[in-house]
Structures are given as C-alpha cells and as structure tokens.
Amino acid sequence: MSALLCAALLTGCVGSATPGNADPRAGAALAYGLAPEPDQGTAFQKDVVLVRGGGASVRSVTADGLTWTLSPDAEGVSDLAPGRVMFLTERGVGRVVAVANTSAGVEVTLRPVDLTEVIRDGDFASADDVPITDPIVVSGSGAFWSDPALQQQAGVPQGAGADLPAVPAALTRPAALPRPPAPAAIVAETVKATTGAFDLTGTCCGNGPGVKLAYAKNGLTMTGRVSVDMARPTAAFRLKISGGTVEDAGLTVRGAAGLTAALDATTALDHPTSGFSPPLATDFAFSVPIGVFFGVPLSMAVTQRFLVQVNLPGATHLQALGKVALGSTIGFSYRNGSFRNTTSATLDSSASLTGIDALSVGISAASFDYNVRFTVGLGLLGFVAGVYLALGAHVLAMVGAPIGFNVAQDAQAPIEHCKSVQGDLWVDYGVGYTIPTAVADVVNFFMKAFASSPIPTSGGLSKGWTPVLSTYSVFPDSGFCVKK
C-alpha cells in the first residue's frame with residue numbers, strides 16, 4: 001500500500017530501478033532504447049506525447065539521431081505535431097520540428113530538449129552504486145555534422161589537419177543532404193571511427209573511457225591516446241524535479257585513478273608541422289542502461305571529444321606523456337540552490353617529465369584538450385540531457401633543443417635538454433545538456449530548412465567550468481631549464 005501511495009503522490013518518494021518490459025541489451029530495445037511507462041508515478045509536461053511501442057514502433061533513425069521514421073499504427077503517433085515533445089524511448093526524445101508521412105512511415109524530425117521540458121514532477125535515485133559495465137555502443141558514423149563541406153559552409157573554423165576542402169562543395173538545401181541510417185547499436189567496449197585522416201578507437205567502460213588515435217599524412221605519422229584510467233567504475237545519482245524545477249541532484253563516479261595523455265609523433269625530413277586536429281570522437285557514445293524509475297528509463301551516456309595539437313620541426317621524433325592523478329571519487333551534489341564539488345586532482349610530474357623526449361634540432365610540443373562527460377538522462381549521442389559530470393583537461397608537453405655551453409653554477413651538464421609539462425583540469429556539473437559548438441553550428445545550419453530557432457549550445461542548470469588544477473613543471477629545473 002505504501003509503495004502505491006508513494007508512486008501516486010511522488011512527494012518525498014525516491015524512485016528505484018525496476019525491470020522494464022524489455023531487456024535493454026537485446027532486440028528493439030538494444031537498437032533504439034527502452035520505452036517510458038505511463039502512469040507509473042512521473043508527471044510529464046503537458047506537451048509531451050508518449051508514443052507507445054518503444055523500439056518496436058521504429059522503422060529507422062538517421063545517423064545524426066534527429067529524424068525517426070515510425071510505424072503509422074503506433075499509438076500516439078497521430079498526436080505528434082511541431083512544437084510538441086516526443087518521448088518514444090530514452091534515446092528517442094526531443095521537440096518536434098517536422099512531421100511527414102512517407103512510404104517508409106511517419107518521419108519525425110526532432111531538436112534536443114532539456115530534461116525539465118519532458119518531466120514536470122519526479123524523484124529518482126539509484127538505490128545502490130550501479131556498475132558502469134557492458135555499455136551499448138551508439139554510433140553516429142555518417143552524421144552530417146562531420147561533413148567537411150557542410151562544416152565550412154556553416155562557419156566552423158578551419159584548422160591545420162582538419163582536411164577541409166579549399167573550395168566548399170555546392171550545397172543549396174541543407175535538408176537534402178544524404179542522411180544514412182544509424183549503424184546498428186551493439187554491446188561492446190570498443191568502437192572504431194574515422195574523422196578526416198584520423199583513425200580512432202574509442203573504449204569504455206571497465207577500465208574507464210578513452211580514445212586512441214592514429215594519423216599518417218603529409219609527412220607526419222603519429223599515434224596517441226587520452227583516457228580516464230579507472231578500475232571497475234560505479235556510479236550513483238539522484239534527481240528531484242518539482243514543477244519543472246530541479247530541487248536536488250547529484251552524481252558520483254567511483255573507481256577513478258587518473259587521466260593520461262600520450263603521443264608518439266614523427267615528421268619526415270623537410271616536413272615541419274605545426275597544427276591541430278578537427279574535433280575528434282564526437283561521432284560515437286557509450287550508453288549504460290541504469291534502470292526504469294517510476295516509468296522513466298534512464299541510461300548513463302559517456303561521451304568524449306578532444307583536440308590534439310603538435311609543433312614539430314622537420315625530421316623529429318617526439319614522445320610525450322602527461323598524467324593527472326584523480327581522487328578515487330569524482331562527483332558533485334546540488335541542494336537548496338548550492339553546488340558542492342567532490343573532485344580533486346594533482347599533476348604526476350615525475351611520470352610526466354620522465355615520459356617526454358625528442359630527437360630534434362628545435363622545440364617540439366604536443367598538447368591535448370580533452371572533455372569526457374558522464375550523463376544520466378535522456379537523449380542520443382551528444383544530445384543527452386540529465387544529471388551530468390564533465391572533466392575538461394589541457395595537457396601540454398614541451399621539449400627543447402639541446403642547449404650547449406651552459407656555464408651557470410647550478411647547471412647539471414654542459415648540454416641541457418629542457419622538458420616541461422603543463423596540466424590544467426576543470427569540472428562542470430549540473431542538470432541539463434551541452435552540445436559541442438562545432439556540432440551545434442552545423443545542426444543549426446541544417447535546422448534552417450525547418451524554420452527552427454537556433455539550438456543553444458547548452459541548457460538547464462549548470463555550475464560552469466570550475467578549475468581544480470593548474471600547474472607547470474620543468475626538468476631539470478636548473479641552468480637554462482627553469483620556470484619562467
């Protein structure tokens with residue numbers, strides 16, 4: 001009786017994970033996600049349309065995740081109209097911008113929404129720590145935002161290594177772009193992707209999220225990886241929404257050890273290189289089903305994106321390593337209008353400086369800008385909205401050319417090889433969403449065809465980027481090689 005009263009009234013109730021009507025890692029649920037269950041205790045916003053049937057009602061979805069083709073017989077489909085919010089599964093949710101009847105079915109094009117645009121009243125929490133294991137790989141391979149010509153027309157800045165054409169291809173109607181179907185979702189801890197000339201391998205989650213890269217073009221060959229090193233990670237969350245306003249929230253991820261960025265690069269003779277990559281690792285995400293809470297299926301999405309930049313004189317071999325030590329627990333809490341951060345970090349100077357070396361006649365440098373985001377909520381790929389925790393890191397490793405004839409009293413040797421590493425770490429957390437600027441620019445360019453207002457790059461309740469580490473080390477810290 002008390003459980004029924006709790007579900008009916010919501011107030012003071014904490015939702016617990018309950019088995020849904022399908023295995024989230026099999027069949028239509030694996031392909032498209034779990035369906036919401038109405039009348040289970042969550043109050044939705046008035047303009048939300050619950051389309052029944054879940055993944056079984058889906059005939060296809062585009063690789064960008066924005067257009068869903070549904071069975072015309074699915075209950076609720078006839079109620080969809082521009083301006084309303086479709087809630088089909090935890091991945092198929094968004095505000096409708098267009099509905100079209102086609103021979104394939106009913107095509108529904110969505111734009112991302114904040115969680116409070118879907119849920120008016122709800123109180124959800126994990127009863128115990130949830131293992132971050134057996135993730136579902138959701139791939140956006142072929143998504144239009146990775147098209148170089150469209151990036152250029154949408155105004156995304158061109159950078160060295162971005163492989164953008166010198167003259168943009170003709171594009172008169174963004175909506176007419178080829179939009180392939182999404183690759184099949186699979187249960188795996190590894191995914192392959194390609195961005196420009198970069199071959200990527202994404203990993204998650206038993207040892208933490210990470211991305212490996214390989215590049216060989218224009219006289220530059222390099223391999224590298226950036227990762228959050230973890231051991232059997234788990235997560236716990238809570239979220240209370242009342243009247244469409246977040247009252248209480250928190251997310252804790254346990255098992256973290258540190259963050260590692262490593263690069264091995266070689267330039268050919270007469271091929272000096274100075275440039276940076278396009279945004280990498282934006283075309284896939286790992287999704288871990290959490291459970292169904294008062295009729296709302298929730299998953300943890302782990303998304304990553306990063307840039308790599310190198311400065312290498314000709315005929316150079318650079319090995320660079322940066323390590324940041326994290327506390328075993330990272331997370332935050334929000335209550336009574338105030339945030340509390342529980343994430344800390346230190347630079348592992350010894351390991352970082354030992355791992356930097358170069359054979360060159362000039363100054364060599366490599367840097368990573370890395371963003372990894374854990375979000376418990378609703379949505380697909382980089383458009384997930386919910387309780388989130390993000391780490392943003394900048395790691396810069398430099399090694400100078402040999403400097404000779406150092407007669408300084410504290411010099412360790414007549415010829416010194418200066419090394420330095422800089423580490424900066426920020427955290428961001430809250431309840432909402434953040435879309436990478438480059439992706440949002442191209443999506444908004446596409447949305448012009450539907451006369452849709454621009455999608456903001458972020459929404460909801462956010463603390464904003466808060467620094468937790470900023471440090472700089474040099475070796476041997478004597479003679480010429482001293483901090484400036």
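Since every read-out is calculated from the coordinates, none of them should be taken as a lab result. A quick note: this is a predicted structure, and the numbers were derived from the prediction, not measured. All Cβ positions, even for glycine, are placed from backbone atoms using ideal geometry, and neighbour counts span all protein chains on display.
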FRET efficiency estimate (nearest 0.05) - Cβ-Cβ, ARG232 to THR190, R0 22 angstrom: 0.80
Check: the stretch 232-387 dipole with +1 on Lys, Arg Cβ and -1 on Asp, Glu Cβ, in debye: 720 debye
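Return the FRET efficiency for the residue pair ARG179, THR133: r is the Cβ-Cβ distance, R0 is 25 Å, and the value is rounded to the nearest 0.05.
Numbers: r = 33 Å, r/R0 = 1.30.
That pair, ARG179 with THR133, gives E of 0.15.
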Net charge over other residues, Cβ less than 12 angstrom from the Cβ of VAL137 (K, R count +1; D, E count -1): -1
Extension gain from SER141 to ASP199, taking 0.36 nm per residue of separation minus the Cα-Cα distance: 19.6 nm
Vicinal HN-Hα couplings computed from phi for the stretch 418-433 (Karplus, 6.51 cos²θ - 1.76 cosθ + 1.60; Hz; Gly/Pro x): 6, 10, 8, 9, 10, x, 10, 9, 10, 10, 9, 7, x, 10, x, 8
Environment charge at VAL439 (Cβ cut-off 10 Å; Lys +1, Arg +1, Asp -1, Glu -1): -2
Under 18 Å from the Cα of LYS192 - aspartates and glutamates, other chains or at least 8 residues apart: ASP64, ASP134, ASP147, ASP283
Inter-part distance where the stretch 178-212 and the stretch 21-55 are each reduced to a Cα centre, Å: 25 Å
Using alpha-carbon coordinates, inclination of helix 437-447 to the longest axis of the chain, degrees: 40 degrees
Pair ASP39, PHE450: separation of 7 Å Cα→Cβ label points (nm): 3.1 nm
Long-range amide H partners of ASN207 with built H, under 5 Å: none
Relative contact order (%) - the chain, alpha-carbon pairs under 8 angstrom, separation at least six: 14 percent
Of (1) 31; (2) 28; (3) 36, the label for percent of Cα pairs over 35 Å apart derived from the coordinates: (3)
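Near ILE241, within a Cβ-to-Cβ distance under 12 Å, what is the net charge of the other residues, with Lys and Arg +1 and Asp and Glu -1?
-3
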Net charge dipole size for the stretch 124-475 [Lys, Arg +1 and Asp, Glu -1 on Cβ; Debye, nearest 20]: 720 debye
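Rounded to the nearest 500, what is the chain's calculated 222 nm mean residue ellipticity when only DSSP H runs of at least 4 contribute -39500 (n - 2.57) each, over all residues?
-2000 deg cm²/dmol
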Efficiency of FRET between SER242 and HIS317 - r from beta-carbon atoms, R0 60 angstrom, step 0.05: 0.50
Listed residues THR245, THR282, MET230: farthest to the positive end of the dipole of the chain (Cβ charges): THR245
